[in-house]
Every structure is written in C-alpha cells, then in structure tokens.
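The numbers here are math on the coordinates, done by the rules we state, and not lab data. Owing to the predicted nature of the structure, the values given are computational and were not obtained by experimental measurement. We place every Cβ from the backbone using ideal geometry, glycine too, and count neighbours over all the protein chains shown.
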C-alpha cells in the first residue's frame, strides 16, 4: 500500500512540467479576461508652420477642415495654446518640458530626457514618424529618435528648405525625395501601419509633419488652381489624412482610450514672402495668424500661439472652448499623471501638470505664467491676461520685420488679442509685478551652448 502511494506521487511529480505548460497560459488567459487597459494611448499630430487662423474651427473662411473641426467638436479647443517661435526649439520644448534655453532646440543633447523615454519605462510602445529636427539635422546616432525613447522612427532629421528631404528608418538611411506633395500621405500611411501593428497598446505615436514648412505642395486631387492658394490646398490635404488616422483609431476600437492632441510647431511663415513666393510659382505658400500680431520667429503672439485641440472621449469634455494658458511644455508632466511615470527630479522642469484642465476639473489650469524666448534671449512674459514685452531687445530672426519698440510694452490680451495698444503707462503696478516675474526667467546656463541649426565648429 505504502509503495503504491509512493509510485502514484512520483507519477504526479513527473507530470508537473506538462501540467504547468497547460496551466500557466490558461491562467494568463483567465487573468486577462475582463482586464481593461488603464493607461491611455496617446497620438500627437504636430504640423509645421501652421498659423493660428488656419483651420475652420479657428476662424478660417477659406480652409475646409471638417476632420479637425470634428476633432475639436468632440473634444476641447484651446485658444491660448503656446509652443516656441521656430522649429527645433519647439520640438525640444515639446519633448522635454524644458524651455529651449535648457533643452537647446536643434542642438538637444543626448542627456535630455523625453516623454517617450519615460513612457517606455511604464510599458508603452513608441513611434516617431516625420520631422525630427533636434539632432542638428544630422545623423548623430546618440541624438536620433531610437536613442531618445522611440522604438520606431521614420522620417527626415531636418526640414525641406532645399526642396528635398532625406529619410531615415530607425538609424539607417532610407532614401530621399523632392516630391513634397507625397509627404503627408506617406507619413500618415506609416502611422496607420504602425497603429495596426501595435493596437494592443499602450502606445505613443508622435506624427510630426513636414507640411506646411518652406517648400509646400499638395497632391493633385487637393489642388484648386483657380484660387491660387497652395497653402490652403496643403492644409486641406493634412486635414484629410488626419481624418484617415482618426478613422483607423475607430476601426481598431481604440477611440475611447486614446488621447489625441493636434497642434503646430510655431506660427505661419507669412513674414517670409519674398523668399517663399518664387518657390511656389505665384501661388500663396504661407498661412495666417488670424487675429494675432506677427508670425513665425516673433515673440508677439502670432509667432508661438497656435491651434490646440485635444480629444479623449469620456474624459475630456466635448464641445468645450478653453482660454486657459497651456503650452506644449505641459505635455510631459500631464502624461506623467495619466500614464504613471515619474517626472525627472534631477533637472528643472518648465511644464505643469494640466490633467485637471484637460478633464474639465479646472477652468484656469495649472499654468500661471509663460516665458517667451527668441534664440537665447528672454523677451516677454505673460501672466493671466497681461503680457509684458521687455525693453532693449537685441535678438531677432532675420526675416522678422515687425520688432518691438525698444521700450517696455504691456498688452491686455483679453481685450486686445492683436497687441495693438501698449498700455504700460496706465498700469505701472502690473508692469512692476511682471518685471519681478521676468527676473525669474530661466537663462542659458552656458553661453557656448547656442540653439542653432548647425552645431558650432570645434575650437582649434
């Protein structure tokens, strides 16, 4: 009797490996049943040089943008959404939540920590498709997307100023093209394919378009030659392909748990017509700042206040319009709250957690003030409805022809969105308050670190 029990026990023990092979997958299946993904998927659609007035929902009377208008109707439209005045600085600020005097724009070093890196740490699959523009437009491997938090990359490292782009796929060169009209569809196709491959989530897709920067074009089916406005044609094509991407989220059943963010990197290049005009054969190739003053490169509102739209069904209120101050700098801290990563504690972070603003729990939001920079020079500060322009400014982009007076300027943006009337003389107390805030603006910690497109030549 004793020996038969021993034999039976031995048989069971010998069978354990086989039983475990069956039981473990079954347990995983049963555990997964009913398990709901709690971290939201995140999709960022980032256009280039698109002005504040260049969507129907932001007041355009000439551009048809039904898909992005619908995105705004289904979510929240932010009327006071801020980026940086030009391409590279806007991207380093977006990715790191640090002003370009810290994150260094086109020269963003490997040591900067992007939200993509932090999201990888909490289980996200990540992709960057399109214009990178924070590695000095060169294939410095340690500063390319794969080493800055993105599992997959496809796109050009820089801009299309020379009427062509050179692609990289991950770290490898992947050809080039001078067909600017093909880019919006190409990037969107890549984005859709990646979404289908990674639909289980959680995922981050950063879709950074080349259009409508510098040399623009639209596919034949979107060109309306009679109106002579290639810019409007190109925006309408962007809207169409944004719609395709949004439709894909619906088809994959991802709409309800995906936060979609749409914005632009800076204002329109409408102050560069002499250079851009000949490139577009008499067609209009630049956008409009709508009611805002100035355009790309300027620290007046038209340079860095852009369309901002966010949708997350069941979380972000639909049909809302918010005039709270919010910036691309705020995305990283907000993503931290929504996805579960820790905000880096070893460096200054200039963004604010805007979760309550997004979810409709706050009308004012977490951001009390905003600093404005041109290259390394601090130029303006906004707090509430008041904006102060500093005196004796010296740094300007060459194409910016509308420059400050050299004296202190104060604008009431609530009642004078176009910054037409300097009211500094009538509000000395506000000027004093904002000058005290201006004294706290972050400064470039090392004057040799400049946010130029091309890296400085090494010293002999």
message: What does the extension gain come out to for residue 454 and residue 179, with contour length at 0.36 nm per residue minus their alpha carbon separation?
response: 96.5 nm
message: Defining a contact as two alpha carbons under 8 Å apart and six or more residues distant in sequence, what relative contact order in percent does the range 251-368 show?
response: 23
For peptides 327-334, 65-72, sequence by mean Cβ density within 10 Å, most packed first: 327-334, 65-72
message: Give the separation of the Cα centroids, the range 394-452 to the range 161-179, in Å.
response: 38
query: Given labels modelled 7 Å from the Cα in the Cβ direction, how far is it in nm from residue 423 to residue 363?
result: 2.0
query: Which value in deg cm²/dmol, rounded to the nearest 500, describes the helix-derived mean residue ellipticity at 222 nm for the chain, given -39,500 (n - 2.57) per DSSP H run of n ≥ 4 and division by the residue count?
result: -8500 deg cm²/dmol
- prompt: Among 209-220, 142-153, what's the highest-first ranking by average C-beta atoms within 10 angstrom per residue?
  reply: 209-220, 142-153
- line: Mean Cβ-within-10 Å packing, highest first, puts peptides 265-278, 424-437, 227-240 in the order 227-240, 265-278, 424-437
field: the range 41-367: C-alpha gyration tensor shape, a/c 1.5 cut-off, then a/b vs b/c
entry: rounded
field: Mean separation of Cα contacts under 8 Å (6+ apart) over length of the range 41-367, as relative contact order %
entry: 30
message: If R₀ is 30 angstrom, what is the calculated FRET efficiency for the pair residue 164 and residue 227, using the beta carbon separation as r and rounding to 0.05?
response: 0.65
query: For the chain, what is the percent of antiparallel DSSP beta bridges, rounded to the nearest 5?
result: 55
message: Please state the shape class of the range 215-319: rounded when a/c is under 1.5, otherwise prolate if a/b exceeds b/c and oblate if not, all from the C-alpha gyration tensor.
response: oblate
- line: Cβ density ranking, 10 Å radius, fewest first, applied to 167, 140, 222 yields 140, 167, 222
- prompt: Can you give me the relative contact order of the range 326-460 as a percent, contacts being Cα pairs under 8 Å and 6 or more apart?
  reply: 16
field: Cα shape, the range 239-381, gyration tensor, a/c 1.5 rule
entry: oblate
